[in-house]
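Step one of this worksheet: look at the structure below.
The values are calculated or read from the model by the stated rules, or taken from the named source; none is laboratory data. Everything quoted here is computed from the prediction, not taken from an experiment. Cβ: placed from backbone, ideal geometry, glycine included. Neighbour counts: every protein chain shown. Heads up: the accessible areas ignore ligands, DNA and RNA and are worked out on the full protein's heavy atoms, side chains in. Shrake-Rupley method; radii C 1.70, N 1.55, O 1.52, S 1.80 Å.
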Amino acid sequence: MVFTGSAEWHTPASEMAVTQFEIVAERLNLDRNVRARLARPDRALVISVPTRLDDGSVHVFTGYRVQHNDVLGPFKGGIRYHPDVDLGEVCALAMWTTWKCSLVGLPFGGAKGGIACDPTRLSRKELQGMTRRYTAEIRNFIGPELDVPAPDMGTNEQVMVWVMDTYSQHKGHAVPGVVTGKPVEMGGTVGRREATGRGVVHLIRETAKHLNLDLSRSTAAVQGFGNVGSVTAAELASLGVKIIAVSDRTGGFYDEKGLPIDRLLRHLADHPDLAGCRFGEPISNAELLELKCDVLVPAALGMQITAENAARLKCRILAEGANGPTSLEADEILGQKGVFVLPDILANAGGVTVSYFEWVQDLQNFFWSEEQVKQQLQQMLTRAFREVLDLSQREKVDMRSAALMIGIDRVGRAMLRRGLYP
Ligand code: GLU
């Protein structure tokens with residue numbers, strides 16, 4: 001395994017990403033040197049983030065920014081705030097972002113950042129202080145032409161504005177193009193907030209067409225009710241899909257007659273999570289995954305579907321809103337069961353695609369209409385879906401392998417063309 005000698009990156013997530021890459025590299029007969037370079041990131045920063053807490057004490061958080069590869073353009077990728085963030089996870093997420101951008105045809109490479117923290121337990125002031133110090137520590141490694149962060153789990157529009165403001169203060173002028181996922185009035189784009197969920201649903205629609213499934217008579221269960229899960233559930237419901245279960249970190253609800261998604265969304269408007277909602281029967285996050293439904297959308301953490309529970313899944317379509325929700329062993333089992341998998345690097349690519357639109361608009365200081373954003377997003381995702389489906393049928397491989405093959409092949413060819421410096 002190419003990862004030898006870099007034990008500090010060795011976690012289940014990084015191992016999964018690298019093994020996936022190795023299998024596809026073998027199938028593609030990827031150049032040996034390119035393969036060795038792509039198995040690990042270009043650069044990984046580990047940062048101490050001293051932050052003054054409201055009680056006056058200083059806590060030193062650990063932050064990361066990992067830049068996997070920038071052969072196709074500036075690094076791009078989210079910033080995650082979660083207690084489980086570690087170097088291995090951030091490396092895996094950065095690598096997946098490289099393949100994701102390449103698959104959709106974006107002129108970006110892959111990166112990821114994060115801070116090991118529980119943002120739900122930090123006050124606004126603490127969150128702001130931590131974000132600004134983190135940004136100051138990585139400021140020489142980000143920028144519109146260098147590396148463009150974005151929201152991910154635990155971060156949002158406000159966090160992006162603090163990143164943008166901190167970076168701009170150091171530059172001495174406003175640099176909106178340094179991050180995406182900003183509010184519209186701060187140089188963000190219309191449609192970014194909804195983009196990932198909208199993309200997931202667009203791809204589910206393409207899949208339903210392919211499988212001859214009538215979505216208006218189908219059921220769905222959604223794990224995770226953050227930005228991705230909530231928009232996915234709302235968009236699916238608007239197509240007539242019966243949402244039989246949803247969950248978040250506080251637990252979930254099940255109702256075979258369908259949950260009132262609009263009321264759940266209203267609850268979230270003035271509550272941080274679903275706790276206290278009383279709809280249907282309570283179920284756990286693990287139980288949700290095993291419900292009989294047409295469409296299952298994991299839109300929360302990674303490693304949710306493993307060798308342990310994969311055989312008990314009863315969905316027809318697995319649409320991965322989250323990054324890395326399915327282990328390699330689980331993939332094999334799902335393949336045998338005939339579950340149609342919309343792999344993460346395709347299913348949730350709508351987010352980074354509209355981030356690309358935001359970056360383009362910021363660089364041009366010229367802003368698009370929501371209709372333009374929606375149309376371009378659909379066009380790019382439909383093309384990617386067709387390419388992946390065609391390759392999977394031609395090569396008789398599953399959708400994940402096909403998506404990775406396209407993403408990795410493009411990056412590999414660009415690496416060979418640019419050559420090794422010096
Ligand atoms: N964090 C999101 C993802 O995993 C979005 C990244 C971006 O917009 O750059 O795809």
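In table form, for the structure just shown:
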{"read-out": "Accessible surface of the stretch 311-422 [probe 1.4 Å, protein heavy atoms]: carbon and sulfur percent", "value": "49"}
{"read-out": "Residue with peak Gaussian network fluctuation, the chain [Cα springs, cutoff 10 Å], from Asp294, Asp70, Asp270", "value": "Asp270"}
{"read-out": "Long-range amide H partners of Leu342 with built H, under 5 Å", "value": "Leu318, Ala319, Glu320"}
{"read-out": "Residue among Ser392, Ser216, Ser57 with the largest mean-square fluctuation in a Gaussian network model of the chain, springs linking Cα atoms under 10 Å", "value": "Ser57"}
{"read-out": "Accessible carbon and sulfur surface of the stretch 121-180 relative to its total accessible area, %, 1.4 Å", "value": "46"}
{"read-out": "Exposed-site-free run, longest, the chain (rule: trypsin sites (Lys or Arg not before Pro); DSSP loop; at most 11 other C-beta within 10 Å)", "value": "1-256"}
{"read-out": "Estimated distance in nm for a label pair at Lys396 and Glu26, the labels positioned 7 Å out from Cα along Cα-to-Cβ", "value": "1.8"}
{"read-out": "Space enclosed by the convex hull of the alpha-carbon atoms of the chain, per residue, Å³", "value": "143"}
{"read-out": "Derived scalar couplings ³J(HN,Hα) [the stretch 293-299; Karplus, 6.51 cos²θ - 1.76 cosθ + 1.60; whole Hz; x for Gly, Pro]", "value": "7, 7, 10, 10, 10, x, 10"}
{"read-out": "Residues of the chain: accessible area per residue with a 1.4 Å probe, Å²", "value": "43"}
{"read-out": "Residue among Ala17, Ala402, Ala286 with the largest mean-square fluctuation in a Gaussian network model of the chain, springs linking Cα atoms under 10 Å", "value": "Ala286"}
{"read-out": "Kyte-Doolittle at least -1.0, axis length at least 18 Å by Cα - qualifying DSSP helices, the chain", "value": "12-28, 87-104, 157-171, 192-211, 349-364, 399-418"}
{"read-out": "Cβ-Cβ FRET estimate between Arg386 and Asp54, R0 fixed at 56 Å, reported to 0.05", "value": "0.60"}
{"read-out": "Estimated distance in nm for a label pair at Ala286 and Lys337, the labels positioned 7 Å out from Cα along Cα-to-Cβ", "value": "1.6"}
{"read-out": "Long-range HN-HN contacts of Gly73 with modeled amide H, under 5 Å", "value": "Gly109"}
{"read-out": "Total charge dipole magnitude, the chain, about the Cα centre, Cβ charges on Lys, Arg, Asp, Glu only, Debye to nearest 20", "value": "740"}
{"read-out": "Tally of Lys pairs whose C-alpha atoms are under 20 Å apart, taken over the stretch 291-422, 8 or more apart or cross-chain", "value": "4"}
{"read-out": "Sparse-neighbourhood loop sites, GluC sites (Glu not before Pro) in the stretch 206-271 - DSSP loop, at most 16 other Cβ within 10 angstrom", "value": "Glu256"}
{"read-out": "5 angstrom amide H check on Phe61, placed H, neighbours 5+ away", "value": "Val49, Thr51"}
{"read-out": "Proximal lysines to Lys112, defined as alpha-carbon separation beneath 16 angstrom and excluding residues fewer than eight positions away on the same chain", "value": "Lys76, Lys100"}
{"read-out": "Residues in the stretch 90-112 that a label on Phe141 would reach, taking backbone N under 17 Å of a point 7 Å out along Cα→Cβ", "value": "90-98, 109-112"}
{"read-out": "Sulfur and carbon atoms: percent of accessible area, the stretch 20-107 [1.4 Å]", "value": "44"}
